[in-house]
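Notes follow the structure.
Read the figures in this text as sums done on the coordinates, not as results from a lab. Just so we're clear, the structure is a prediction, and the values are computed from it rather than from any experiment. Quick reminder, even Gly has a Cβ in these numbers, built from the backbone with ideal geometry, and neighbours come from all protein chains shown.
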Amino acid sequence: QVQLVESGGGLVQAGDSLRLSCAASGRTFDLYRMGWFRQAPGKEREFVASIRWSGGSTYYADSVKGRFTISRDNAKNTGYLQMNSLKPDDTAVYYCAHTRLSITATAPADFRSWGQGTQVTVSS
C-alpha cells in the first residue's frame, strides 16, 4: 500500500504563489498516476491535476490550466503542485492520491490512498 502525505499549504494573498508537496512511502512501485484534488467548505471534492509517474504526462482541470503546474521527482518519491496567480476561489483543502487508471480518470472514486490534506487560503 502507498502512503501519501501533503505539505506546503498556507495563507497567502491573491496573486501569490505556493508549492505543495506530496511525499509517497510504502509500495511506491505501485505509483502510476498521482493526482491533486481540492475541497472547499460545502463543496464537492474536485480534480485539479494529475501526472503519470513514469513518463510525466500531465492533465489539468480547466480552472487551473496555465496557473498550476504538476510535477514529480521520482528519486524523492515526491509529487508537487506549483500554484501561481492564486485567487480567493482557490481556497480549499488540497489532497493528493493515486490511481492505476489512465489520464481520463478524474473522479475522486477513481483514486485511492488519500493523504490528510493541506489547507490553502487565499485572501483578496
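Computed 3J(HN,Hα) for the stretch 49-59, one whole-Hz value per residue from the Karplus formula 6.51 cos²θ - 1.76 cosθ + 1.60 where θ = phi - 60°, is 6, 9, 9, 6, 5, 9, x, x, 5, 10, 8, glycine and proline marked x. For the chain, excluding the exposed loop sites themselves (trypsin sites (Lys or Arg not before Pro), DSSP loop, at most 14 other Cβ atoms within 10 Å), the longest remaining stretch covers 66-99. When the chain is treated as a GNM with alpha-carbon contacts under 10 Å, the residue of T106, T28, T78 showing the greatest mean-square fluctuation is T28. Once you list every other residue whose beta carbon is under 11 Å from the beta carbon of V122, what net charge do they have if Lys and Arg are +1 and Asp and Glu are -1? Its environment carries a net charge of -2.
Taking the Cα centre of the chain as reference, the dipole from Cβ charges on Lys and Arg (+1) and Asp and Glu (-1) amounts to some 280 debye. Other residues within the sphere of radius under 14 Å centred on the Cβ of V12, judged by their own Cβ, net out at 0 (K and R +1, D and E -1).
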